[in-house]
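The values are calculated or read from the model by the stated rules, or taken from the named source; none is laboratory data. All of these numbers come straight from a predicted model, not from anything done at the bench. Don't worry about glycine lacking a Cβ; one is built from the backbone with ideal geometry, like all the others, and counts go over all protein chains shown.
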Amino acid sequence: MSVITLSIDGQPVAVPAGSSLLQAVRAAGIRLPTLCHLDGLSPVGACRLCLVQVEGVSRLLPACASEASEGLQVQTDTPELREYRRMAVELFFAEGNHECAYCVANGDCELQDVAVTVGMDHSRFPYRWPNRSVDASHPLFSLDHNRCILCTRCVRVCDEIEAAHVWDVAERGAHCRIIAGLDQPWGEVDACTHCGKCVDVCPTGALFHKADGTAEKHPDRERAQHLRRARDQHEWQHR
Amino acid sequence: MSFLDLDEFLFDLAEQVEIVFSPVASDIKTYPEGVDLCLVEGAVANADNLELALQVRRRTAVVVSFGDCAVTANVPGLRNLITPGGRDSAMAALQRSYLELADSQAQIPVAPGVVPELLPRVLPLHEVIPVDVYLPGCPPSAARIRACLEPMLRGERPRLEGPEMLRFG
């Protein structure tokens, strides 16, 4: 296996060729905040929280969706990056309706966690207050579009791990939203296997078990990673 | 109520401060001049809230946005969801509650000078006046309130960091 070496915040790191910048950053023992990224799922670079500065590159790069290459000089924690990260989190809160006080994920929410990480005590952007709906047509689960940050983890876990491809992203810009099937009520989509993987990996309270009340959501965000590894290493094969 | 959870610290606090205006802890109706610190809770939902917020800002050195309703508009802000972008949510809310859901004598209450007029949108405090310190939480825990107040009693600005101090909800 060929190895490449690069510098993360001035620290030399060696990672296998083909690693992402995020993997290299983690190999250096540095924690970058992420929302759309989940081990076991393909990277999309949607949330822009893992942005890094690479010497000689004028724009900021999402570490999860950029490949590490020989000799890169990477900065992960500059004032500019900190400012953009906080701005991104403030925009997440301002563009949706995140009333944390009575959310099913209150206290177990990755959006709240990154808000704390970036030191966000309020949003400098005016709230948009979009009029969004709740889909409670599924017998077991519900989808609250008010909480959704469009990380697309549900879309990817359903496609890449469960192979049912129930979820997709529809519309553009401010109207962008997650849809089930061909924009049907979730409960009417035959392809859904009721496996709940999308609910397990959702970083917020957008997808939840119907029985869950305020602060009762207990997701299993490592499930996708376990399933991917078990499959790759043939842990379920009959011997 | 969360403020009362400060327990015996309230005695220490009482020795160091004079409460000059409070809807629950004093019976003074006019917000006085030259106030050092004001903890403002709740979102700005009606004309009275707005007027008081502006008055508080003019007459106060340090304004603290106290709790999620003040910081994010939170539950009162849900009224904004009735209409796209929160525009004219006041009339939509009044119509729904006083006309559509009325059992009898359906009418929207109008009493200028008595019933304050609702603002079109419910707003967090900092969208109305500049705020100096933000204290999130629904409600902020007593420990968080104390961690915010203690530095200010010494004349310093609090630096709230980490999940114990910053988390919403």
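What the table shows:
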{"read-out": "Conditions (1) in a loop (DSSP other than H, G, I, E, B); (2) under 14 Å from the mean Cα position of the chain (by Cα): number failed by B:E33", "value": "(2)"}
{"read-out": "Which listed residue, of B:A61, B:A43, B:A73, B:A47, is over 23 Å from B:E18 (Cβ atoms) and away from every other protein chain (no Cβ under 13 Å)", "value": "B:A47"}
{"read-out": "Test result for A:R147, under 30 Å from A:L81 (Cα atoms) and within 15 Å of the chain's Cα centre (by Cα)", "value": "yes"}
{"read-out": "A:A88 being assigned to a helix (DSSP H, G or I), at pLDDT 95 or above and within 11 Å of another protein chain (Cβ to nearest Cβ)", "value": "no"}
{"read-out": "Tally, over the stretch A:1-47, of residues that are surrounded by 17 or more Cβ atoms within 10 Å (Cβ to Cβ) and among the basic types (K, R)", "value": "1"}
{"read-out": "Cross-chain or 6+ apart pairs with Cβ under 8 Å, the stretch A:127-150 first and more than 10 Å from chain B (Cβ to nearest Cβ), then of a type in the set (V, I, T) and loosely packed, with under 15 Cβ neighbours inside 10 Å", "value": "A:S142/A:V134; A:L143/A:V134; A:D144/A:V134; A:H145/A:V134; A:L150/A:V169"}
{"read-out": "Matching residues, the stretch B:152-169, being at the interface with chain A (Cβ under 8 Å from one of its Cβ atoms), surrounded by fewer than 15 Cβ atoms within 10 Å (Cβ to Cβ) and either hydrophobic (A, V, I, L, M, F, W, C) or in a loop (DSSP other than H, G, I, E, B) (or both)", "value": "B:E161, B:G162"}
{"read-out": "Leading residue by the ranking (farthest from A:R31 (Cα to Cα)) among those in the stretch A:59-82 that are among the β-branched types (V, I, T) and part of a loop (DSSP other than H, G, I, E, B)", "value": "A:T78"}
{"read-out": "Matching option when the condition is over 27 Å from B:E164 (Cα atoms), away from every other protein chain (no Cβ under 14 Å) and modelled with pLDDT of 95 or more, among B:L99, B:L119, B:L149", "value": "B:L99"}
{"read-out": "Tally of residues being surrounded by 14 or more Cβ atoms within 10 Å (Cβ to Cβ) and touching a residue at least 24 places away in the same chain (Cβ under 8 Å) across the stretch A:166-184", "value": "5"}
{"read-out": "Residue in the stretch B:49-59 that is at pLDDT 95 or above and touching a Cys at 6+ places or on another chain (Cβ under 6 Å) present", "value": "yes"}
{"read-out": "Those residues of the stretch A:98-133 which are in contact with a strand residue (DSSP E or B) (Cβ under 9 Å, 6 or more places away or on another chain) and either part of a helix (DSSP H, G or I) or closer than 29 Å to B:P120 by Cβ (or both), in sequence order", "value": "A:C103, A:D121, A:H122, A:P126, A:Y127, A:W129, A:R132, A:S133"}
{"read-out": "Any chance A:S142 is of a type in the set (S, T, Y), closer than 30 Å to B:P136 by Cα and in the same structural domain as A:A94 (by the TED database)", "value": "yes"}
{"read-out": "Residue check for B:R79: among the basic types (K, R) and either away from chain A (no Cβ under 14 Å) or loosely packed, with under 15 Cβ neighbours inside 10 Å (or both)", "value": "no"}
{"read-out": "Matching entry among A:A164, A:A101 (being within 14 Å of chain B (Cβ to nearest Cβ) and not basic (K, R))", "value": "A:A101"}
{"read-out": "Residue check for B:P139: under 25 Å from A:R147 (Cα atoms), in a loop (DSSP other than H, G, I, E, B) and not charged (D, E, K, R)", "value": "yes"}
